[in-house]
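Right, one structure below, let's go through it.
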Amino acid sequence: MPALAQTAATPPTAPATPGGSTLAPPPLPPTLPGGLPLPQLPAATQQEILQRILDAAGGRTPPPAGPLPAPAAPAAAAPTQRYAPQLPPPAWQANAEPLSHTEAFFAERLGMPLRQFGYDSFREGPAATPVIGALPDDYLVGRDDELVLALRGRTRATLTLRVLRDGTILAPDFPPIPAAGRTLRELRADLEARVARDMPGTELFLSIGQVRQMAIFVGGEVMRPGMQPLNALATVLDALQLAGGVRKTGSLRAIRIEGPGGRRVLDLYTVIAGAPGDPDIRLREGDRILVPALGGVVAVAGEVTRPGIYELPAGATSASVTTMLGLAGDPLRPAGNRLLVQGTDGAGRRSFTELGAGGVVRRGDSVLVQPGADVVANQLRLAGHVSAPVTRAAARGGTLRALLADPRLLKPDPYPRLGVVLRLDPRTRVRQFVPFDLARVMQGGANTGLQEGDEVIVLGNADIAFLASPPVQRALRGEAPPEDACPALSQLAIAARSAPARFAFARGAGFPDIGTPTCPQVFLDYPPLLAFLLDTAVLVAGEVKQPGLFPILNDTGLDLVLAAAGGVTDGADLSAVELAREPNDQSGAIPLTRTLLDLRSRNFRAVRLSPRDVVRVPRGFTDRETGPVTLVGEVLRPGVYDIRRGERLSELLARSGGLTSQAYAFGAVFTRESVRTRQQQGFERTARDLESSLLSVAAGQANAGGFGQQRVDLGGLVTAGRELANTLRQAQAAGRMVVEANPVVLAARPELDVLLEPGDLIVIPKRPNEVTVVGAVLNAGSLQFVSGWRASDYVRAAGGTQRFADTSRAFVVLPNGQSAPAGMSGWQSGGPPVPPGSLVVVPQDPSPFETRGLIRDLTAILSQVTISSAALAVIARELQ
């Protein structure tokens, strides 16, 4: 078989020119008729396919198959393709795709946009996918298929043969063998038989080397109708994809395929929607694909897996609703669905019908799948002060004890005296709170049966503490909470205003109005729960560690309530515990009864309480005051001292060991918080009086303008007065009281011995050796004390007064806090001698023409501020 081997080893070559170069055929257009691009195939194959198409279009007989000439060199730049593959649009652009006419029709009816099903399958552009893998044995061999024959055994050779246009293959030493129209299995069997007969000892292996190309016409409702170049393995989907996909005006369920093998109808829903059927989507050479207009459609919306607009089967005007729901992926809920069909009656009006599972829908109908009854069944829920909300199945005979069997479900620090079951009344359909004792349930005592749909709410101690918080107390007084507050407070304020007596017992607690805690989550989730807890609460006040409002069940022992309140304090007087109660005898009157209980035996359990009771535990009488006093400075044992009721300053000084040798009792500073508050209020009142005086002066100057008197700059006066008023408002009052701190004097005159109060501050300074001069003097400052000097002497030592000094209103602030006139007017002798540590103040006359009332006000203001400043200076110096 030398000739056979030579044929296999020598590939066909193109004719050569006398110079030795390859002769290239004239170049052909790079696109098919209609502007379609050639697929990514070998250049020789592209040229042959294009030549055949052109010959067929011109009525010429195609030339016999033979060796293919080498293609011309490609152009530097490919011409612009008319239908170039497009990238998929971005998500936002795809969502903004305009509605088709059919989609707009159903959108107007349903009030929601729906898309026609299946058409987005062709959204991606055509992709050139190479043919890989083994071909099936039922593959039909056709013209231009490339066959690879491998001979093994006595004869070893590999042949690459192409099916000629007459459908045969030519192999050396064999006559023409028919190949076109035969399956790969049939052709392999024929060749194996020939080789076994003519070439004994040789085995043949047959495969397809290169699949042939064919041109398929795609017409009708497609984006780009025309001839589409495909390989022999292409399907109808490939052809439609290459044609740009089916328009939304075209049918996906009645695609016609006509060709040499006859006519068949393809339903693409069997491919893309899983509809029943075995589609034949293979293409044969010479087939034509025609996409007809869209048939009848039905819209399916609501609670289905895949809402959309679905086409009825080919030629059908109706279908079962079950079939259409199956196309939509079936309802999301396996049962309990309500099928509302919107259609058109005989008069063209919209009509609504409810269908069952066996109903039928017609073209143009829309099916809305809705829940028949969207309710929760067979469920129990545990919420509130738990580690995580728990949902359980409502088993027959379910109880609270079974639901709360695992204590790890609860967060630390739950409120033991009350839990709540939120239950739906089957008769009134109103949700109600049912209380239970959490501690007794957890300890295996009382148990409560649960019903389907119950919500068990566990409360925490922090939730209960919120009942006595300032926001709740303000809501109980009927004050509207801020708009961003929790809704439970708004509901409580409305209830308190509409029925003031309802929460009267809770308003009498006297809790301090300090801070604004955050609303607990349980009251955000269940707003009516706050008022319910207050209705079931008892008020515990007085000498308990945690006073507050504690919700309880009826007939709860006082011992359990006191345990929730932290117990009684050590100073409690258990001989006179007050219990206030409002017994309701259903006669219309609710009298308030008060009972004094002697509980020194601590038999608290014998006292049974009911909601709305008030328990007050008084404090036993004691001489100890509620707070200490502070003694600093020149005493032997300074520090913080607790005091008894009625204790006086002399006793405190004696407890501290007495004064040191450097103590200056006349300059003692004694401050008290209640006095400081009154002084601060006095500063504010004086500032208002000053502003009123300024207005009076301004009015007086305006009225006196015509009597020849010199006018005062009213603008400057008002500005200065306002600045002084602002300074006065910002001044810090010391709260100083003038007291006698000399133990000798106190012993001789006990009426001067002041009673002490909690929070008092006593400062005993060292004996000073200076006198300070301030105000309208030429050289203000501190001067050395000279025995016998008067205020005028110290003013002269400070350089004398300024031009506009008002010496008639000069005053001296004595070391004990008192103030006295300096006696510097012309008819006075200079005043008494000034003691060490004093402060001489010479005020300035702001205007010699002002009324005397304003000047008097300014002098009083300056005196008050000076006294407070001097006291604060002494305190700061001694506390260093």
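Overview of values
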read-out	value
Long-range amide H partners of Gly633 with built H, under 5 Å	Ile764
Whole-Å distance, taken between Cα centres, linking the range 624-645 and the range 287-339	92 Å
Given charges at beta-carbon only (K, R positive; D, E negative), |dipole| of the range 379-459 in Debye	120 debye
Dipole in debye (nearest 20) - the range 180-327, about Cα centre, beta carbon charges: Lys, Arg +1; Asp, Glu -1	280 debye
Three-way shape label, the range 304-410, alpha-carbon gyration tensor, a/c 1.5	prolate
At R0 = 35 Å, FRET efficiency that the Cβ-Cβ distance of Phe174 and Asp280 yields, to 0.05	0.50
Modelled FRET efficiency - R0 60 Å, Arg619 with Asp330, Cβ distances, 0.05 increments	0.20
Cut-off under 5 Å, modelled amide H: who pairs with Gly250 long-range	Leu294
Exposure proxy order (Cβ contacts within 10 Å, fewest to most) of Asp806, Asp535, Asp793	Asp535, Asp793, Asp806
Spin-label pair Val745/Thr516, simplified geometry with 7 Å Cα→Cβ offset, distance in nm	5.0 nm
J(HN,Hα) series, the range 236-251, from Karplus relation 6.51 cos²θ - 1.76 cosθ + 1.60, nearest Hz, glycine and proline x	4, 5, 5, 5, 5, 5, 5, 7, x, x, 8, 5, 6, 8, x, 8
Ala499 paired with Gln730, simple spin-label distance in nm, labels 7 Å along Cα-to-beta-carbon	5.3 nm
Thr595 paired with Glu354, simple spin-label distance in nm, labels 7 Å along Cα-to-beta-carbon	5.9 nm
Span per principal axis, largest first, for the Cα atoms of the range 379-459 (Å)	36, 23, 23
Order of His101, His385 - criterion: other Cβ atoms within 10 Å of each residue's Cβ, fewest first	His101, His385
Cα gyration tensor shape of the range 109-230, rounded if a/c is under 1.5, else prolate or oblate by comparing a/b with b/c	prolate
Whole-Hz couplings from phi, Karplus 6.51/-1.76/1.60, listed for the range 431-439; x for Gly and Pro	7, 10, 9, 10, x, 8, 8, 5, 5
Amide H within-cut-off set for Val538, under 5 Å, with H built and near neighbours excluded	Phe550, Ile552, Arg612
Order of Asp190, Asp570, Asp365 under a 10 Å beta carbon neighbour criterion, fewest first	Asp570, Asp190, Asp365
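Rule-based calculations on the coordinates, nothing more; no lab input. None of these values were measured; they are calculated from a predicted model. Using ideal geometry, Cβ is built from the backbone for each residue, glycine included, and neighbour counts are taken over all protein chains shown.
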